[in-house]
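The values are calculated or read from the model by the stated rules, or taken from the named source; none is laboratory data. Fair warning: this is a prediction, and the values are worked out from it, not measured in the lab. Cβ sites come from the backbone with ideal geometry, for glycine too, and all protein chains shown count toward neighbours. The accessibility values were calculated without ligands, DNA or RNA, using every heavy atom of the protein model including side chains. Shrake-Rupley method; radii C 1.70, N 1.55, O 1.52, S 1.80 Å.
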Amino acid sequence: MPDGNFEASAKVTLLGAPIDAVSMDETVARIHRFLDEQRQHQIITPNSEMLREAAKNREFRDVLSRSSLNLPDGAGLLLMARLTGQRLPYRVTGTDTLQILCRDLGPEYPVFFLGAGPGVAERAAQELKARNPRLKIVGTYAGSPSESDAADIVARINAANPVLLFVAFGAPRQEMWIAQHLSSLTSVKVAMGIGGAFDFIAGVQKRAPALFRSVGLEWLWRVVREPKRIGRIWNAVVVFPSLVARYGREAP
Ligand code: UDP
């Protein structure tokens with residue numbers, strides 16, 4: 001596909017946040033192009049809960065509007081796009097994107113995994129390395145999104161020299177952390193928040209079965225397994241659609 005076509009790919013807007021109408025193939029091709037560019041890129045994987053947060057959090061909404069790629073991670077976004085007369089043809093999750101990218105990356109694109117519980121990113125790294133022995137993971141670190149940890153984390157990442165950084169601090173903290181610190185991460189070309197992906201890959205959390213995912217019921221799977229998420233699920237399944245019904249493409 002010629003370069004110009006990437007820029008031309010369609011966007012939809014929900015509650016003032018732009019979402020890219022991309023397929024997984026387009027996503028992977030774009031990320032590869034970003035990796036070879038001079039400038040740095042932030043990638044975000046919005047779901048319903050994140051867009052509900054963006055509707056009330058101006059700073060997060062600004063970060064979403066400045067990022068290079070906003071992948072339609074949640075099934076709810078596809079439905080809400082349709083209800084507002086727009087079209088998101090595919091769901092592209094952060095967890096799938098991470099795994100598909102790592103399946104083919106060679107050692108010329110070193111990767112760093114930041115976040116998740118102690119040892120989880122390390123286990124996810126081992127699993128991905130077992131699937132692709134050419135994958136070069138130059139560092140993993142649990143760290144924390146707290147400001148007092150930031151200088152230490154930036155120094156660790158700069159010492160490891162990765163071009164790709166995946167951050168698992170949960171949304172929107174991981175997105176705010178990347179937006180704030182990316183320019184200090186001298187070697188990083190692409191940084192992406194990936195929520196619970198390390199937990200899924202390391203086997204700490206079980207991902208919803210394909211049947212649940214294909215009919216848009218991953219949220220139901222998660223609430224049954226982790227009842228403490230009920231408030232977040234309410235925001236995703238009730239509050240977000242109500243806001244879209246009221247405000248559509250516009251920010252509230
Ligand atoms: N996490 C972290 N530090 C924090 C908060 C969360 O490392 O202060 C990690 C958590 O261990 C998990 C990931 O962030 O691996 C995503 O958390 P959550 O499931 O809440 O995020 P979601 O995928 O729902 O955005």
Problem - Value of Rg/Rh across segment 55-113 [Cα atoms, Kirkwood radius] - result: 1.07
Exercise for the section: Quick one: order R249, R58 from most to least accessible surface, probe 1.4 Å. Expected result: R58, R249
Completion exercise
Expressed in square angstrom to the nearest 10, the accessible area of W219 with a 1.4 Å probe stands at 90
Completion exercise
Output ordering of 127-133, 226-232 (per-residue mean of other Cβ within 10 Å, highest first) is 127-133, 226-232
Completion exercise
Carbon plus sulfur, as percent of the 1.4 Å-probe accessible area of the chain, comes to 52
Completion exercise
Cα extents of segment 169-208 along the principal axes, largest first, in whole Å, come to 35, 20, 12
Practice task
Any chance you could list the semi-axes, whole Å, largest first, of the equivalent ellipsoid that the Cα gyration tensor gives for the chain, using √(5λ)?
Solution key: 27, 21, 18
Practice task
With a 1.4 Å probe and every protein chain left in place, tell me how much accessible area S65 has, in Å² to the nearest 10.
Solution key: 70
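Below 12 angstrom from the Cβ of R225, what's the summed charge of the other residues (Lys, Arg +1; Asp, Glu -1)?
+2
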Exercise for the section: Lys and Arg at +1, Asp and Glu at -1: add these up for the other residues within a Cβ distance under 11 Å of A208 and post the number. Expected result: +4
Fill in the blank from the handout: Counting Lys and Arg as +1 and Asp and Glu as -1 over every other residue whose Cβ sits under 12 Å from the Cβ of T84, the net charge comes to +3
Problem - Relative contact order for the chain, counting Cα pairs under 8 Å that sit 6 or more residues apart, in percent - result: 25
Practice task
Could you state the accessible area per residue of the chain in Å², with a 1.4 Å probe and every protein chain left in place?
Solution key: 46
Completion exercise
From DSSP H assignment alone, runs of 4+ in the chain each adding -39500 (n - 2.57), the sum over residues rounded to the nearest 500 puts [θ] at 222 nm at -13500 deg cm²/dmol
